[in-house]
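The values are calculated or read from the model by the stated rules, or taken from the named source; none is laboratory data. Since the structure is predicted, the reported quantities are computational estimates derived from the model, not experimental observations. Ideal geometry is used to build each Cβ from the backbone, glycine not excepted, and the neighbour counts take in all protein chains shown. In case anyone asks, the SASA skips ligands and DNA or RNA and just uses the protein heavy atoms, side chains included. Shrake-Rupley method; radii C 1.70, N 1.55, O 1.52, S 1.80 Å.
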Amino acid sequence: MKKLLLVGLLLWSIEARAFSFDDIIKQAEQLSSETYVENTSVLPEELLQMDYDDYRSIRYMRDKGPWYSQNLPFEVQFFHMGSLFTHPVKIYEIDNNAVRQLNYDSLAFRLGDEALYPFKDLGYAGFRLHYPLNTADYLDELVVFLGASYFRGLGKHQKYGASARGLAVDTGLITGEEFPEFTTFWLQKPKSGDKQIELYALLDSPRITGAYHFVIKPGFTTRMDVRAVLFPRAPIEKIGIAPLTSMYLFGENTKHRFFDHRMEVHDSDGLLIHNGNDEWLWRPLDNNPKMRISSFVDKNVKGFGLLQRDRNPEHYMDFEAYYEDRPSVWVEPLKPFGSGVVQLIELPSDKEIHDNVVAMFVPKKPLQPGKRYEYNYKLRWMKDRNPIASGFGEVIATYTGLGGVSGVNEKDWTKFVIDFKGNALDRIKDTSELTPEVSVQHGRVKNIVVSKNPLTGGYRLTFDFQPKENIAEIRAVLKKGKWNQTEVWSYQWLE
């Protein structure tokens, strides 16, 4: 009861005077000193028993939106609670420093073609923002905040794919994962002609609280500036900063594991890292029968992201999912993240409905209670092959097959075929200018060959690999003299 009164007083004080992000920071800090209270709601059984398709049939009526028909560049619409979404969120509007709650209204929803049963005081599950992203006369979905601290964004001519999260706690540990939640949002009401929108969020979980500020700038590449101020309730050994989540079922390197008419099925096909030493690394995603965890040690990483590089619709042949239009998501620190690792976690999956890939920055030092931690970074939702012009030739495909030469397969050997293209490679006149460098831990390689790829206009590296243990790290790069001409291709072999 004491905690509820405290939160109520804090919210009242925000409503009573000019709004400030400092108010949310103070609220998060205060909550971190209180015992955690789970954000729960008692839902009617008909909502709890909804399957995915039933829940998707609940539609919000646009004309009920608080910013509808006001000649504003953005509109907000809400998600109903039900199915997997059972935790309510409070949503406030900031208008000229005045703050008011946007109250739940069951009459604003329909279930298919029918009116939704008139529930009372349930609260919303989340919201989405709309903006004329693709054409001037239609407000497309721009960003969605729904479930725990998950959110998705879109740039021009993109379809939802990878997600971001406010925070990840204990992801990939055998002890199980804790899911922090955005429990309260404050939306800055836009003005006519605004090209960006701001919103704020309060995060809470058993071991940590946080205050978040988002500045969202729509465009061909949609940008989000994120400021997160965190207050641990208890020591946290593993925290994931700027976590990204995506789906990888199969691609050119794993097609043999699935009986499917399509050649590739994924929202993202690789992890790109721009490390503190100014090296660019590309790790192709995989869907192995065993969980894989890859950690890239770094200090002040310059950027990382889950990218969808392959934009050729003929490689997907899916005219409902349109995987070629899924956004790449790039994280760029605006202030140094310090020492830690960029970690990639890949879970086995047999269905494309499951997000089975996580990428995040994990600080070297555990978070301690009673301290304040702040992270500022930019998110880009884009279709560009690279977030920044690196100057290096890019990895555009990775293939695997039976090892051997001249049609003779050799037992225990795997052939890797890596295609590079563009940038520095465009100035290479002949393969004689390129020196392949392939290194491996716990294995050996042979038959290393560089050749021109007449189909792509780039260069192809092939080699055979034999493992000595059930896990191995392989790296490959094309050089001219002592200088890298391509990204460093990095692969984890796992039997």
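Calculate the dipole size of the chain relative to its Cα centre from +1 charges on Lys and Arg beta carbons and -1 charges on Asp and Glu beta carbons; express the result in debye to the nearest 20. Write out the running numbers ahead of the final one.
Numbers: 61 positive and 66 negative charges, 339 e Å.
Using Cβ point charges on Lys, Arg, Asp and Glu, the chain gives about 1620 debye.
Dipole of region 289-365 (Lys/Arg Cβ +1, Asp/Glu Cβ -1, origin at the Cα centre): which of Pro289, Ser339, Val301 lies farthest to the positive side?
Ser339
Classify region 108-151 as rounded, prolate or oblate from the Cα gyration tensor: take a ≥ b ≥ c as the square roots of its eigenvalues, call it rounded if a/c is under 1.5, otherwise prolate when a/b beats b/c and oblate if not. Before the final figure, lay out each step's value.
Values: a/c = 3.32, a/b = 1.43, b/c = 2.32.
Since a/c reaches 1.5 but b/c is at least a/b, the shape of region 108-151 is classed as oblate.
Quick one: of Lys90/Lys238; Lys159/Lys378; Lys290/Lys365; Lys383/Lys479; Lys191/Lys217; Lys335/Lys480, which pairs are farther than 23 Å apart, Cα to Cα?
Numbers: Lys90/Lys238 28 Å; Lys159/Lys378 20 Å; Lys290/Lys365 28 Å; Lys383/Lys479 28 Å; Lys191/Lys217 14 Å; Lys335/Lys480 34 Å.
In this structure, Lys90/Lys238; Lys290/Lys365; Lys383/Lys479; Lys335/Lys480 lie more than 23 Å apart at Cα.
Taking the solvent-accessible surface of protein heavy atoms with a 1.4 Å probe, what is the per residue accessible area of region 299-389 in Å²?
Accessible surface, normalised per residue, equals 44 Å².
Dipole magnitude of region 29-106 about its Cα centre, charges +1 at Lys/Arg Cβ and -1 at Asp/Glu Cβ only, in debye to the nearest 20? Don't jump to the answer; show the numbers that get you there.
Details: 6 positive and 13 negative charges, 60 e Å.
Roughly 280 debye, rounded to the nearest 20.
Can you give me the solvent accessible area of Met291 with a 1.4 Å probe, rounded to the nearest 10 Å²?
90
Could you give me D for region 164-280, from Stokes-Einstein at 20 °C and 1.002 mPa s, where the hydrodynamic radius is the Kirkwood radius over C-alpha pairs? Units µm² s⁻¹, please. Show your work: numbers first, answer last.
Values: Rh = 17.6 Å.
Translational D for this selection: 122 µm²/s.
What's the magnitude of the charge dipole for region 396-463 around its Cα centre, counting Lys and Arg as +1 and Asp and Glu as -1 at the beta-carbon? Answer in Debye, nearest 20.
Details: 9 positive and 7 negative charges, 13 e Å.
Around 60 debye, computed over region 396-463.
Here are a few candidate values for Rg and Dmax of the Cα atoms in Å: [x] 24.3, 79; [y] 24.1, 83; [z] 26.4, 99. Which one was actually calculated from the structure I just gave you?
[x]
What fraction of the DSSP beta bridges in the chain is antiparallel, stated in percent and rounded to the nearest 5? The partial results should precede the final answer.
Working: 147 of 155 bridges.
Here the antiparallel bridges make up roughly 95 percent for the chain.
Using +1 at the Cβ of each Lys and Arg and -1 at the Cβ of each Asp and Glu in the chain, identify which of Phe420, Phe74, Pro327 lies farthest towards the dipole's positive end.
Phe420
Can you tell me, using C-alpha contacts under 8 Å and at least 6 residues apart, the relative contact order of region 282-358 as a whole percent?
Numbers: 104 pairs, mean separation 34.7, N = 77.
Worked out over region 282-358, it gives 45 percent.
Give me the percent relative contact order of the chain, please, defined on Cα pairs under 8 angstrom at least 6 residues apart. Show your work: numbers first, answer last.
Working: 1237 pairs, mean separation 55.5, N = 495.
Here the relative contact order equals 11 percent.
What is region 54-171 by shape, rounded, prolate or oblate, if you read a ≥ b ≥ c off the alpha carbon gyration tensor as root eigenvalues and call it rounded for a/c under 1.5, prolate for a/b larger than b/c, and oblate otherwise?
On the way: a/c = 1.25, a/b = 1.03, b/c = 1.22.
Cα axes put region 54-171 in the rounded bin.
With the contact rule set at Cα under 8 Å and sequence spacing of 6 or more, what percent relative contact order holds for region 148-190? Write down the numbers at each step before the final one.
Numbers: 42 pairs, mean separation 15.0, N = 43.
Result for region 148-190 is 35 percent.
Could you list which residues have their amide H under 5 Å from that of Gly303, counting only those 5 or more apart in sequence or on another chain, with H placed in the peptide plane?
Under 5 Å from the amide H of Gly303: His274.
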